[in-house]
Amino acid sequence: MQLLWQILVNGILLGGLYALMALGLVLVWGVLNIVNLAHGALIMLGAYACYYLFAVFGWDPFAALPVSMLLLFSLGYVLQRFVLNLVIRAPMFNTLLITFGVEVIITYLAQITFSADFRTINPSYAGANFTFLGATVPLARLFAFGVALGLTAALWLFLDHTRIGRAIRATAQNLIAARLYGVNPRQLYALTFGIGAALAGAAGTLYGVVSQINPYIGAGLTGKSFAIAIIGGLDKSIYVLVGGLFLGIVESLTALYIGPTYTDVVSFGILVSVLIVRPTGLLGRTA
Amino acid sequence: MNTFLISFVMAILACAGPSFAAPIELGASIQLTGQFANTGRYYGDAYQFAVDKINAAGGVKVGKGREKLTLKILDNQSDVNLSVRQYVQLASQDKINFLLGSFASDFVLADSAIAEKYSIPMIQGGGASDQIFSRGYKYIFGTLPPASDYFQSTVDLMGHLKPTPKSIALLYADDAFDVSVAEGTRKAIGKIPFTLALDQRYSSKTSDFNSLLSLLKSQNVDAILVAGHETEILNFIRQAKTLNVSPKFYSFTVGVPSADFRNALGQDANYAFGMSSWVPTRTLKDEYFGDAEQFAREYQKRFGYEPDYHAASAVADVEAFVKAIESANSLEPAKVRDAIARLDFDNLYGRIHFNENGQINLPQTVVQVQNSKLVPIYGPKGPIENALYPMPPWSKR
């Protein structure tokens, strides 16, 4: 029983991080109708940004987080405005191809720039933990979980309660109507993609604190984010959180009771089942 | 008339002696990019280093003259299918003379079939899985000791530790190398009265070990043996710390001997045991590099990072070809293949002598990270340095 409780705690903490990873992908997918295959690569860049701020300038990773987000926002904005915007009206297959290309380019540039050495972000509290009702709770993971919840809530508030947020949602719902109301989609798309990239930057920072970084972590993270997007649905940021938590808990339980070889089989099995049984996502709609 | 002239000139060039002779070309497909690039670079760099040294010393003696070595390296981007295609290209299109290997058993398992099909000898220092050498292939040779023996010296050491660990957990990734390691380890443990409390395979794509670690903690095992890749092992140790999982002893098949491992983990790398088929000492003499210590120094200077056994094994592959070609006094693949099978010489890596299957037998020295330095603990002749054991709990470090 004690073990089950520990596994649930592990799963919930993992799920929070998963949700944050998927949040940016879901936002871009929902608004721009682009499945950004370079999303994992952006997470990787966020992790490196934090690593260098930590290793070179001695910044605490959580202090480096806003800088990492800002850097990724700028990159995302430019990427959308000058590259992806050229294919925004193209069929989905083309956008898949172009984001795949971007992913490959970012990954290889990262290897050339950062080398293939393994990096870790190891602040003094990286291994700290405390006991809560008999379960060991790693402090860094809890921080990461808290930041993930905070950013999810912030995104929800932004989209629902600000003028720009409403314009973004309006563009996603009905482009023509939004234009008639004076929304400039070009600007808005770049802004949305920038926010998506900034969220990826945040996820990367937190990922670097709990795991190791190398230029090739991106593809696997895109896959995970994609699964969460499908499971949760694209409607609301809160659905992404539920999807992330669900996947985190299921994977942790699978690793214990079925075997750690099968975590991917189970998570992608769920993805396939959701697509067959409830293609709108467990909670909302899919594209 | 033109054709005749060209043939005539070419015939003269061909007869003009060694100065016009084609060099001996070695080819390999390596993970220069992609997820295995971190270890793949040892092979690219070490092959090149060995070829340069051998050429500087005059090259390879064949017939009356000396031939230079050239190296053709292709980047397989850590994709095993691309690797196979590149070996086909090297063998059929580029017509290189001999093949060197890539990194990792999964790759070598696939690549070696090409060497066998085209009857071109391949000496590789990247694949240790017993599966590679159990198929009766004649043209594949390996300079890494058998995967099934990796934990043998560690199990021997555990028998000498006080208090002796009683319960052991064996965790291994689901690839060819690690499955072979696990099979051998089970046998080794079976001979000694240890309890194998957990015998668990995990996906080599895993980055989250929290469930496994929680299970290990609840079972309170004394020793943990992990056969996996460096990325997994880094995650395993970091997550063990966050969950306060402190066994008395843990050991890992890869990673521990590399400087990259110690850099990435810092103080947290301490107490980790590992193994290496190679320790760079002065006693390991080499015709081209002086000795192993000198090689390690020059390598570090040239490439900017420390070599580990992967690099030494790769140098041994190139030197083995040189010795075999000189002994066969020919570049004919079949003759060179037979000469490789007969080889018996010492170099900076150790004694190069292949068994009937084509694999080398080198003892694994148990190593441990102590105060961020790599220390040899237990070798074929018994204890070398004192092991730091039992490992203190994370909270008391």
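Please treat every number below as a calculation from the coordinates, not as lab data. Note that the coordinates shown come from a computational prediction; the quantities given were computed from them, not determined experimentally. FYI the Cβ positions are ideal-geometry reconstructions off the backbone, even for glycines, and counts take in every protein chain you see.
What net charge is computed for the residues neighbouring B:A272, neighbours being all others with C-beta under 14 Å from the C-beta of B:A272, Lys and Arg scored +1, Asp and Glu -1? Could you put the intermediate results ahead of the total?
Values: positive: B:R238, B:K241, B:K248, B:R262, B:K373, B:R397; negative: B:E230, B:E232, B:D260, B:D268.
So the surrounding residues net to +2.
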Find, among the GluC sites (Glu not before Pro) in region B:303-384, those assigned to loop by DSSP (not H, G, I, E, B) with at most 15 other beta-carbon atoms within 10 angstrom. B:E356
Simple spin-label estimate for B:Q294/A:L3, 7 Å along Cα→Cβ, in nm, reads 5.6
Listed residue (B:A46, B:L71, B:A57) projecting farthest to the positive dipole end of region B:39-86, Cβ model: B:A57
Rounded to the nearest Å, the spacing of the alpha-carbon centers of region A:230-271 and region B:220-249 is 24
Based on the alpha-carbon gyration tensor of region B:143-196 and its eigenvalue square roots a ≥ b ≥ c, which shape applies: rounded if a/c is under 1.5, prolate if not and a/b is larger than b/c, or oblate? prolate
For B:F151, the residues 5 or more places away or on another chain with a placed amide H closer than 5 Å to its own amide H are none
Placing +1 on the Cβ of each Lys and Arg and -1 on the Cβ of each Asp and Glu in region A:2-277, which of A:L86, A:M44, A:I230 has its Cα farthest towards the positive end of the resulting dipole? A:L86
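Given the -39500 (n - 2.57) contribution per DSSP H run of 4+ residues, what per-residue ellipticity at 222 nm results for chain A, rounded to the nearest 500 deg cm²/dmol?
Working: 11 runs with 212 residues, N = 287.
The helix-only estimate for chain A comes to -25500 deg cm²/dmol at 222 nm.
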If you average the sequence gap of Cα pairs under 8 Å that are 6 or more apart and divide by the length of region B:197-326, what percent do you get for the contact order? 18
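First measure r as the distance between the Cβ atoms of B:T195 and B:T283, then evaluate 1/(1 + (r/R0)^6) with R0 = 41 Å and state the FRET efficiency to the nearest 0.05. Please list the in-between numbers first.
Details: r = 39 Å, r/R0 = 0.94.
In this case the efficiency is close to 0.60.
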Taking θ as phi - 60°, what are the ³J(HN,Hα) couplings along region B:370-383 by the Karplus curve (6.51, -1.76, 1.60), each to the nearest whole Hz, with x for Gly and Pro? 10, 6, 6, 10, 8, 10, x, 10, 8, x, x, 9, x, x
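Net charge within 11 Å of B:E293 by Cβ-Cβ distance, Lys/Arg positive one each and Asp/Glu negative one each, not counting B:E293 itself? Spell out each step's value before the answer.
Numbers: positive: B:R282, B:K285, B:R297; negative: B:D286, B:D291, B:E298.
The answer is 0.
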Amide N of region A:143-167 lying under 15 Å from the label point, which is placed 7 angstrom from the Cα of A:F132 along Cα→Cβ: A:143-150
Whole-Hz Karplus couplings 3J(HN,Hα) for region B:69-81, θ = phi - 60° and coefficients 6.51, -1.76, 1.60, Gly and Pro as x, run 9, 10, 10, 10, 10, 10, 9, 8, 6, 6, 10, 5, 5
Under-5 Å amide H pairs with B:I30, H placed in peptide plane, nonlocal only: B:L74, B:D75, B:N76
If you plug each phi of region A:26-36 into the Karplus form 6.51 cos²θ - 1.76 cosθ + 1.60 with θ = phi - 60°, what whole-Hz ³J(HN,Hα) values come out, in order, with x for Gly and Pro? 5, 4, 5, 4, x, 8, 8, 6, 10, 8, 7
Cα coordinate range in region A:2-277, projected on the principal axes (Å, largest first): 58, 48, 34
Below 8 Å between Cα atoms, with a sequence gap of 6+, how large is the relative contact order for region A:2-277 in percent? 42
Run the helix sum for chain B: -39,500 (n - 2.57) per DSSP H stretch of 4+ residues, divided by residue count, reported at 222 nm to the nearest 500 deg cm²/dmol. -12000 deg cm²/dmol
Hey, can you grab everything whose amide H is under 5 Å from the amide H of B:V62? Only 5+ residues off in sequence or another chain; H modelled, so Pro and N-termini drop out. B:E67
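What's the exposure ranking of B:W278, A:W29, A:W5, going from fewest to most Cβ atoms within 10 Å? Please report the intermediate quantities before stating the final value.
Values: B:W278 26, A:W29 22, A:W5 14.
Least to most surrounded, the residues fall as A:W5, A:W29, B:W278.
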